[in-house]
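A.B. asks: Sending over a structure as structure tokens; questions will come in a sec.
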């Protein structure tokens, strides 16, 4: 595109342009600013206050953050939740994205029939509510129902079965894998779309040179869709901080057993709203949200400066 | 086709079939067992319901002990109103950002894109305070406002890419005929955005229907619960009643699956059209 703006609009009188901008941009900017940006800023401001039982608030500077990171009563669950978030993220990066890439690669092979059917079926879990998916897996993995243990027994691996969701050692990884099962459709679709955009001539040239499908995929297609893969990684990173629904619906706000599945989302919810063990504390909740915000910001900056700059984009 | 190629093609299909089974198996299992009597749910979980094991007792219980239809209508209202506003305001803003040159447009685009990367949930403490002081606490309006704010950045991003693909000549021709800008947008450009609706729907509307967080925080009475929250609370209460639990899960799954199957062609075409790269 050599000329992004048409000549006609470039010659528009100023007052008319201002009126049009107000009309077209006004509603979106007002709603977005009021209900998205303002609450974020107000939450950060609130994190520098403390409230006493009577409800009056007083400014305390960074004291909430010192408590959160310094007081063992707060810092232990905080680091535990952050560590669990990291495990949750790593499982997604190591399982969800490779499986998504592999499925996209298979679907984009020339001459595979029933593509539409496979895509539709594989994307189905992504459309469902996390709550429903979490609960359904909860039933399936339950020793009470015995579907999972029965299935393992049928293939002679009955001894491998354990109540994975109930054990402190395996609950978090199991929940991560449930989330992977649900959301693998997103990397699959985005990478599939990117693979379709690779020009035929490139693939044909490689084939003429005698490369097999396997090497074509790894040496030609995969490097060309790297920008999409890095976008998927960023989406995975941000989604990681939204993963409250799954833990809450399967394990409740206490993220049992013994906080083994506690992530920042559930920790934030408990701090803000309270639970059986503690009263809700909005100002500490705001402090937790602020820390989460800076962790996301740090992750995005690392991505922009370390990864994005090194990725070369190919224009076709 | 040589035997070698045939063997490879069979291998590819085996992998795809295996993964497809893994993807739908659990959903099928829950829906299938929701139509069975309790003894059959536990006795032969993998068998489809037959004449002797068929039962709708779980569904009867769900209808009797929860306001599931009310939850459906709440979810429907919230999702449809949010979708209409996200699409309308999103398309209008995307149009202004791509079509007009003005000072600060890049800054504004950056400002709007913050919402794509930073989850709006982090502002929950302040959102709840705001809704309380505006008297909107425990209303569907509060949910709609939050969801529109949440959906706008992504929809503006996707719709901008679509608007850029519309030929410039089309609107300039209309301009030369003296058609006002608002009519150019609503009568020439907006109808051309129809294919983008599917992409916007996947990225902004589906998360609204499925959301648990904001209903949990902003609605407290049963009459404002959405399906996701209503079913979640029902499941918590009736956790030992397997008929009801499976029926409630199926009732949350089936409408989504039916709509998805009807619209899947457009949805997937929208997703793979390259608007999101």
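A.B. asks: Return only the number of the condition from (1) more than 30 Å from residue B:232 (Cα to Cα); (2) surrounded by fewer than 20 Cβ atoms within 10 Å (Cβ to Cβ) that residue B:207 does not satisfy.
C.D. replies: It is condition (1) that residue B:207 fails.
A.B. asks: In addition: Pick out, from the stretch A:65-174, the helices (runs of 4 or more DSSP H) lying fully within it that include 3 or more residues that are within 13 Å of chain B (Cβ to nearest Cβ).
C.D. replies: Details: elements: A:72-91, A:97-107, A:115-127, A:130-140, A:147-154.
Those helices (runs of 4 or more DSSP H) span A:97-107, A:115-127, A:130-140, A:147-154.
A.B. asks: Right, something else. Take the conditions farther than 17 Å from residue B:70 by Cβ, buried (at least 21 other Cβ atoms within 10 Å of the Cβ) and either without any contact (Cβ under 8 Å) to a residue 12 or more places away in the chain or at the interface with another protein chain (Cβ under 7 Å from one of its Cβ atoms) (or both) and apply them to residue B:267. Does it pass?
C.D. replies: Numbers: farther than 17 Å from residue B:70 by Cβ: yes; buried (at least 21 other Cβ atoms within 10 Å of the Cβ): yes; either without any contact (Cβ under 8 Å) to a residue 12 or more places away in the chain or at the interface with another protein chain (Cβ under 7 Å from one of its Cβ atoms) (or both): no.
No; evaluated as a whole, the condition is false for this residue.
The rows are residues; the columns are (1) within 10 Å of another protein chain (Cβ to nearest Cβ); (2) surrounded by fewer than 22 Cβ atoms within 10 Å (Cβ to Cβ).
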| site | (1), (2) |
| --- | --- |
| B:179 | no, yes |
| B:183 | no, yes |
| B:196 | no, no |
| B:230 | no, no |
| B:236 | yes, yes |
| B:241 | no, yes |
| B:248 | yes, no |
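A.B. asks: Please list, ordered by residue number, the helices (runs of 4 or more DSSP H) wholly in the stretch B:37-139 having 3 or more residues that are within 30 Å of residue A:264 (Cα to Cα). Reasoning before the result, please.
C.D. replies: Working: elements: B:38-43, B:57-65, B:68-99, B:105-117, B:124-133.
It comes to B:68-99, B:105-117, B:124-133.
A.B. asks: Report, by residue number, each residue of the stretch B:103-123 that is buried (at least 17 other Cβ atoms within 10 Å of the Cβ) and at the interface with chain A (Cβ under 7 Å from one of its Cβ atoms).
C.D. replies: B:112, B:115, B:118, B:119, B:120, B:121, B:122, B:123
A.B. asks: Can you confirm whether residue A:246 is crowded, with 16+ Cβ neighbours inside 10 Å, over 30 Å from residue B:217 (Cα atoms) and within 13 Å of another protein chain (Cβ to nearest Cβ)? Step through it out loud before you land on a result.
C.D. replies: Working: crowded, with 16+ Cβ neighbours inside 10 Å: yes; over 30 Å from residue B:217 (Cα atoms): no; within 13 Å of another protein chain (Cβ to nearest Cβ): yes.
For residue A:246, the condition - crowded, with 16+ Cβ neighbours inside 10 Å, over 30 Å from residue B:217 (Cα atoms) and within 13 Å of another protein chain (Cβ to nearest Cβ) - is not met.
A.B. asks: Quick one: is residue A:254 crowded, with 18+ Cβ neighbours inside 10 Å and modelled with pLDDT under 85? If you could, list the steps in order and put the result at the bottom.
C.D. replies: Numbers: crowded, with 18+ Cβ neighbours inside 10 Å: no; modelled with pLDDT under 85: yes.
For residue A:254, the condition - crowded, with 18+ Cβ neighbours inside 10 Å and modelled with pLDDT under 85 - is not met.
A.B. asks: Restricting the search to the stretch B:234-249, which residues are in contact (Cβ under 8 Å) with a residue 40 or more places away in the chain, closer than 30 Å to residue B:137 by Cα and in a helix (DSSP H, G or I)?
C.D. replies: Hits for the stretch B:234-249 are B:234, B:245, B:248, B:249.
A.B. asks: Tell me, which residue of the stretch A:2-51 that is assigned to a loop (DSSP other than H, G, I, E, B), within 9 Å of chain B (Cβ to nearest Cβ) and modelled with pLDDT under 85 is surrounded by the fewest Cβ atoms within 10 Å (Cβ to Cβ)?
C.D. replies: Going residue by residue through the stretch A:2-51, those that are assigned to a loop (DSSP other than H, G, I, E, B) are A:2-6, A:11-13, A:47-48.
Now restrict to residues that are within 9 Å of chain B (Cβ to nearest Cβ): A:3-6, A:12, A:47.
Cutting the leftovers down to modelled with pLDDT under 85 gives us A:3-6, A:12.
Values: A:3: 8, A:4: 10, A:5: 15, A:6: 16, A:12: 16.
Taking the candidates together, the pick is A:3.
The values are calculated or read from the model by the stated rules, or taken from the named source; none is laboratory data. Bear in mind that the values here come from a model prediction, so they are computed numbers and not experimental data. Every residue, glycine as well, gets a Cβ built from its backbone with ideal geometry; the counts of neighbours run over all protein chains shown.
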